[in-house]
Amino acid sequence: MSRIQKVSSYLLAIFNFLLIVLPLFSLSIWLFMDVEPIKSLIAEGLLFSPVETPEGTINISTIKWTHLSKFTSFMAILIGLLPLLAGLFVLKAVFRNYQKGEIFNAYNARHYRYLGWIFFLDAFIAEPLSHALMVLAVTLSNPPGHRIISITFGSPNIEALFCGILVIVISWIMVEGYKLQEEQKLII
Amino acid sequence: MGIIVNLDVMLAKRKMKLQDLAEIVGITVQNLSILKTGKAKAVRFSTLGNICEALNCQPGDILEFQDEKSRASFLRN
């Protein structure tokens, strides 16, 4: 039990760190994308992978950014990030309980179910919407008729869907564990 | 369920407090209270053995089976 509590404390610190750093990191990239060294990191493709559009792959560094396209792409990144941030909040709640030594309870089981739904939300809404906005952002400076908005459903969505199903099954197992623990309390 | 726990009767016969029994048996008063009030779902043989040893009695003195129907008619009369 103490091992779970110890590791939970470390994980809680990591979750807190990520919850602060991830949005700040995304925001700072879009604010300072014309400033070195961020500009050269984007040009080398280290910060962003090229965007797949129906007309081919577009490298972020080759785009002429306007304020509107910058804002649209930032929104795309933020929407893509939202399920991860929500997932981190849920994990924080669960691991705070683990830290206290409460493993099998209704609260944890319920939060695992939320985590599963967040994966579904990511697969069906956040990921396609984020990709559609990103494609729009990188083609926004194109002449009329070449601006694209596309919604895709591919392997990243299926991965998220699969993870969602797994986590929801885990939440059912947690409910069974909770029932067993409650029954164990009444065995004298 | 038709199992009646007569722990309070045995405690009264032996003039022993629940706290004292809990201490002798080595379980918490809360757990012993769950057993006394009939909320327990199961009793370990080891716990039952320790209680019998402490109260100098047989398991049948603590646990009793009563048919639901006969119990209901007993309560009516």
(Q) Could you tell me which residue out of A:I20, A:Q5, A:P144 lies farthest along the dipole of the protein assembly as shown toward its positive end? Charges go on the beta carbon: Lys and Arg +1, Asp and Glu -1, centred on the Cα centre. (A) A:Q5
Q | A:K92, A:K39, reordered so the largest accessible area comes first (probe 1.4 Å) | A | A:K39, A:K92
Q | Solvent-accessible heavy-atom area per residue, rounded to whole Å², over the protein assembly as shown at 1.4 Å | A | 62
Q.
If the only charges are +1 at each Lys and Arg Cβ and -1 at each Asp and Glu Cβ, what is the size of the charge dipole of the protein assembly as shown around the Cα centre, to the nearest 20 debye?
A. 980
Q: Order the following by accessible area, largest value first: A:V167, A:V7. Probe radius 1.4 Å; ligands, DNA and RNA are ignored.
A: A:V7, A:V167
Q: Roll a 1.4 Å probe over the protein heavy atoms and report the accessible area of A:I151 in Å², nearest 10.
A: 140
Q: Answer with one residue from A:L186, A:F89, A:P50: the one whose Cα lies farthest towards the positive end of the charge dipole of the protein assembly as shown, charges on Cβ with Lys, Arg +1 and Asp, Glu -1.
A: A:L186
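For B:L21, what is the net charge nearby, where nearby means another residue's Cβ is under 13 Å from its Cβ and Lys, Arg count +1, Asp, Glu -1?
Net local charge, B:L21 excluded: +1.
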Q. What's the angle, to the nearest 10 degrees (0 to 90), between helix A:106-121's Cα axis and the longest principal axis of chain A?
A. 20
Q.
Give me the dipole magnitude in Debye, nearest 20, for the range A:20-91 about the Cα centre, with unit charges on the beta carbon: positive for Lys and Arg, negative for Asp and Glu.
A. 160
(Q) As a test of the definition: with a 1.4 Å probe, what buried accessible area, both sides summed, do you compute for B against A, in Å² to the nearest 100? (A) 700
Q | Which of B:C57, A:C163 is most accessible, then next, and so on - probe 1.4 Å | A | A:C163, B:C57
(Q) For a quick check of understanding: with a 1.4 angstrom probe and all protein chains in place, what accessible area in square angstrom does B:D20 have, to the nearest ten? (A) 70
(Q) Just to verify a number: what accessible area does A:E44 come out at with the full protein assembly present, 1.4 Å probe, Å² rounded to tens? (A) 130
Q: Report, in cubic angstrom per residue, the convex hull volume of the C-alpha atoms of the protein assembly as shown.
A: 199
Q) What part of the accessible area of chain A, given as a whole %, is carbon or sulfur when the probe is 1.4 angstrom? A) 69
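The values are calculated or read from the model by the stated rules, or taken from the named source; none is laboratory data. Everything numeric in this text was worked out from a predicted model, so none of it was measured. Heads up, the Cβs are rebuilt from the backbone with ideal geometry, glycines too, and the neighbour counts pull from every protein chain shown. Side chains included, ligands, DNA and RNA excluded: accessible areas come from the protein's heavy atoms. Shrake-Rupley method; radii C 1.70, N 1.55, O 1.52, S 1.80 Å.
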